[in-house]
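Here the structure is laid out as structure tokens; the discussion comes afterwards.
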Amino acid sequence: MAGGGKCVSVHLADQDNKILIMVLNHQTSEQEGAGQVPTEVALQRTVDACGTHTDHHGHTWWALLDAEPRPKKRLA
């Protein structure tokens with residue numbers, strides 16, 4: 001993560017065919033915010049929403065994924 005913290009935790013939650021992934025950088029100094037969500041994450045077709053958040057706990061990146069099974073592709 002861009003925040004420079006050495007202690008990072010990953011939290012997962014699921015509900016209603018959605019998966020929430022949160023990556024928390026436990027850097028609490030007066031550094032800049034978490035920065036943007038990496039493009040590689042934001043452009044995934046299963047990502048419904050994503051963002052960043054900074055508060056007294058540190059910097060967080062999060063993504064909400066659609067876990068609904070997709071139809072198989074048919075070969076021509």
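The values are calculated or read from the model by the stated rules, or taken from the named source; none is laboratory data. None of these values were measured; they are calculated from a predicted model. Only protein heavy atoms, including side chains, enter the accessible area calculation; ligands, DNA and RNA are left aside. Shrake-Rupley method; radii C 1.70, N 1.55, O 1.52, S 1.80 Å.
Can you tell me the length gained on complete extension of the stretch LEU43 to ASP55, counting 0.36 nm per residue apart and subtracting the Cα distance?
Details: separation 12, 0.36 × 12 = 4.32 nm, distance 2.55 nm.
Result for the pair: 1.8 nm of gain on full extension.
If you count only protein heavy atoms and use a 1.4 Å probe, how large is the accessible surface of ARG70, to the nearest 10 Å²?
Around 100 Å² of this residue is reachable by solvent.
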